[in-house]
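Notes for the one structure printed next.
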Amino acid sequence: MTDATNPIVELDFTDWGDPARFPEKQEEWTNALEAGQVLYFPHLAFQLTPPEQALLREDVLKAGARNVSLGSDGVLKHAAGAADEQKLLADMLERYRKSVLTLVDGLFPAYRGLLRAAPTSFRPKEVETRTQSVHADDRRMHFDAFATRPTYGERILRVFTNLNPKGEPRVWRVGESFETVAKRYLPRIPPYSPFKAKLLNAVGGTKSVRSEYDHLMFNLHNLMKEDEQYQKDGTLATQPFPPGCVWVCYADLAAHGVMSGQYMMEQTLHLPPGRELHPENSPLAILTRLVGHPLAGAGSAHTL
């Protein structure tokens, strides 16, 4: 049984297909994920070939970009270097995506046929040396929310892998429950304005009209990052993720901050709102309960 009081749940698998062999445990793993816990696989490595090892350099990333990404259409973005090296990078990302889909299918069979894959990313930059604004700084504790891409309650499930060739961990802080943090900041969030949301979309500030749910999530994200006292006091656990490991969480539900690390791969998967095993534990349901009314636009059709 997983410990509901521990934000980190450790699972000892060595192969991406291993969880499929334990159907009796899959509901427990899904419950832990939906409760905001981080599933940690200390021995689940993504093995690179020798040519792929040579891609672990910062200069494979175009200047000014945050990461290299591979879309579901096979288009590689933000990569520098020769064509043959970019092809190798795209193949590596595609292989990683397939590994992640195998893992997630075995962990969370209740989500089969429901998940939509976002672009797969490779992040070669060192976290500690990135120069970013307060709101963009992922070292600060936050829930994931998109400034320009409203989700309307669609979930943000993320799978991470540390590839660091120097043995350096990627260090995370994990914080208090979503509801605890939301109660702290909701009184400070200005009321939602449908007019302002439509105007922001009309001038190109968002890719679709921001819903009330997205308004609350975006402001929660920013208020958490701005709050120096919370950044000092909001941590429940500090977890180093060494090279050769994987971790999985709902990044819109688990408060987290990325303190250090370099060379990581990441795959985001989106689940439609209400398709969780326990939708009452979702950010959408929690915020709806706390504000006392249905959130405008949540669950409506949208384009990301």
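Read the figures in this text as sums done on the coordinates, not as results from a lab. Remember, it's a predicted structure, so these values are computed and weren't measured experimentally. We place every Cβ from the backbone using ideal geometry, glycine too, and count neighbours over all the protein chains shown.
Before moving on, here are some points about what is shown:
- With the biggest extent put first, the Cα atoms of segment 102-223 measure 50, 39, 32 Å across the principal axes.
- Unit charges at the beta carbon, dipole of the chain: most positive-side option, 30, 121, 264: 121
- Both radii were evaluated on the Cα set of segment 169-298; the Rg over Rh quotient, with Rh as the Kirkwood radius, amounts to 0.99.
- For the options 222, 201, 281, a Gaussian network treatment of the chain with springs between C-alpha atoms closer than 10 Å singles out 201 as fluctuating the most.
- Within the same chain, lysines fewer than 8 places from residue 232 are excluded, and of the rest, those with a Cα less than 27 Å from its Cα are 125, 183.
- Cα centroids of segment 95-161 and segment 251-268: 7 Å apart.
- Bridgeable aspartates and glutamates around residue 25 (alpha carbons under 15 Å apart, same-chain partners fewer than 8 residues away excluded): 3, 10, 12, 34, 105.
- Taking max minus min of the alpha-carbon positions on each principal axis, segment 1-105 gives extents of 49, 28, 25 Å, largest first.
- With helices as the sole contributors, the chain gives -8500 deg cm²/dmol at 222 nm; each DSSP H run of n ≥ 4 counts as -39500 (n - 2.57), and the sum is divided by every residue.
- For the chain, hydrophobic long helices are taken as DSSP H runs at least 30 Å long by C-alpha position along their axis with mean Kyte-Doolittle hydropathy of -0.5 or more; these are 83-107.
- Each Cα pair under 8 Å and six or more residues apart adds its sequence gap; the mean of these over the residue count of segment 1-48 is a relative contact order of 54 percent.
- Taking 42, 272, 23 in turn, the Gaussian network model of the chain (Cα-Cα springs below 10 Å) assigns the largest fluctuation to 23.
- Classified by the C-alpha gyration tensor, segment 89-129 has a prolate form. Its axis ratio a/c, with a ≥ b ≥ c, is 1.5 or above, and a/b is larger than b/c.
- Contact order, relative form, for the chain: 29 percent (alpha carbon pairs under 8 Å, 6 or more residues apart, mean separation divided by residue count).
- The Rg/Rh ratio for segment 8-291 is 0.95, where Rg is the radius of gyration of the alpha carbons and Rh is the Kirkwood radius.
- Approximate spin-label separation residue 179-residue 116, in nm, with each point projected 7 Å along Cα-to-Cβ: 2.9
- Across 77/98; 62/225; 62/198, pairs whose alpha-carbon gap is larger than 25 Å: 62/225; 62/198
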